[in-house]
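> Could you have a look at this structure, given as structure tokens, before my questions?
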Amino acid sequence: MTALSELLKKSRKIVIKIGSNVLSSDNGTVNREVMRDIADQVNSLMNSGKQVIIVSSGAGICGAGAIDRWSRRDDMNYKQALCAIGQVELMMAYKEYFAVHGINVGQMLLTRDDFTDNQRNLHIRNTLFTMVDEGVVPIINENDSVSVEEIKIGDNDTLAAAAASLWNADILIMLSDIDGVFDKDPKYNKDARLIEEIYDPDSLLENIDARGKSDFGTGGIITKIEAAKRARKYYIPTVLMNGRKRSIIIEAAEGKAKGTAFLCP
């Protein structure tokens, strides 16, 4: 049994972060096949006795798909409007695919202030525990339509790590459009090597090529490593896998798929 499969099998409280590039097709529209597969996997995890919280990007993509004529606008007001429109589309899609399994979803839109205020922290925690206890899957996203620099969390990798620590999760799974952490960018280097186990994320950036970020998201490999470091402070291991691959979480738990596991001491 690999370290990755062992982590996934023994973890009960799971936070799954889904990146924008996972949810988008090549032309920038929502990849509904991937969303359906994620809902299927979460249903399988819940049927095996696990609890799941989702941190999902993709509101901007959904907004651009719904209002095509705005998709090339760079103005921040348009971007925030796209996120407001797209968040509705995103939640409707999640509702549709989870409803197939008789699972309800609940939306939580958060900003940085929600994590720095003790009273808000308590309310978030209580709401998460209540929804999960009732068999509802919380879908968390940053409140992009109102977030400005002063209250912006920054990216959903950071948000996922914050949610995982607040909920006392057993594991943080980050689904991206790459198989894990490589010593070089695998998109441009055929000889790039997948690093399957990481014990010292602090020194990792000195030994890998961490340039580049996703086409639709705000983060790259650096933000994922930083998120893993944040989760590690609370003894929460992090796993990075390719969310575009069908049944990736289930396959990895069975030792049939690979990824990168950030292990705790």
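The values are calculated or read from the model by the stated rules, or taken from the named source; none is laboratory data. Model, not experiment: these values are computed from the prediction. As a convention, Cβ positions derive from the backbone with ideal geometry for all residues, glycine included, and neighbour counts pool all protein chains shown.
> Would you check which residues across the range 185-244 are among the hydroxyl-bearing types (Ser, Thr, Tyr) and either outside any helix (DSSP H, G or I) or modelled with pLDDT of 85 or more (or both) and list them?
To start, the set of residues in the range 185-244 that are among the hydroxyl-bearing types (Ser, Thr, Tyr) comprises 188, 199, 203, 214, 218, 223, 234-235, 238.
Once the filter is applied, which keeps residues that are among the hydroxyl-bearing types (Ser, Thr, Tyr) and either outside any helix (DSSP H, G or I) or modelled with pLDDT of 85 or more (or both), the range 185-244 yields TYR188, TYR199, SER214, THR218, THR223, TYR234, TYR235, THR238.
> May I pose another question? All but one of (1) hydrophobic (A, V, I, L, M, F, W, C); (2) farther than 19 Å from THR111 by Cβ; (3) at pLDDT 80 or above; (4) crowded, with 21+ Cβ neighbours inside 10 Å hold for VAL55; state the number of the condition that does not hold.
So VAL55 meets the others, but not (2).
> Let me ask another. Can you tell me how many residues in the range 10-44 are modelled with pLDDT of 95 or more and assigned to a loop (DSSP other than H, G, I, E, B)?
2
> Considering every residue within the range 93-101, establish whether at least one is farther than 13 Å from SER56 by Cα and exposed (fewer than 14 other Cβ atoms within 10 Å of the Cβ).
For the range 93-101, residues farther than 13 Å from SER56 by Cα and exposed (fewer than 14 other Cβ atoms within 10 Å of the Cβ): present.
> Next question. Could you tell me which residue of the range 114-139 is farthest from MET35 (Cα to Cα), considering only residues that are free of Cβ contacts under 8 Å to residues at least 40 places away in the same chain, within 20 Å of the chain's Cα centre (by Cα) and not in a loop (DSSP other than H, G, I, E, B)? Steps first, answer last, please.
Residues of the range 114-139 free of Cβ contacts under 8 Å to residues at least 40 places away in the same chain: 114, 116-120, 122-123, 126-127, 129-131, 133-134, 136.
Next, only the ones that are within 20 Å of the chain's Cα centre (by Cα) stay: 114, 127, 129, 131, 136.
Then drop every residue that is not not in a loop (DSSP other than H, G, I, E, B), which leaves 114, 127, 129, 131.
Details: ASP114: 27, THR127: 24, PHE129: 24, MET131: 21 Å.
Out of the qualifying residues, it is ASP114.
> Still on this structure: Could you grab me the full set of residues in the range 252-262 that are buried (at least 18 other Cβ atoms within 10 Å of the Cβ) and not in a strand (DSSP E or B)? Before you say what the answer is, go through the steps one by one.
Of the residues in the range 252-262, the ones buried (at least 18 other Cβ atoms within 10 Å of the Cβ) are 252-253, 257-262.
Of everything in the range 252-262, those that are buried (at least 18 other Cβ atoms within 10 Å of the Cβ) and not in a strand (DSSP E or B) turn out to be ALA252, ALA253, ALA257, LYS258, GLY259.
> For the range 64-71, check the following and say yes or no: at least one residue is among the hydrophobic types (A, V, I, L, M, F, W, C), modelled with pLDDT of 75 or more and over 19 Å from the mean Cα position of the chain (by Cα).
As a first pass, look at the range 64-71 and keep what is among the hydrophobic types (A, V, I, L, M, F, W, C): 64, 66-67, 70.
Still in the running and modelled with pLDDT of 75 or more: none.
No, that holds for no residue.
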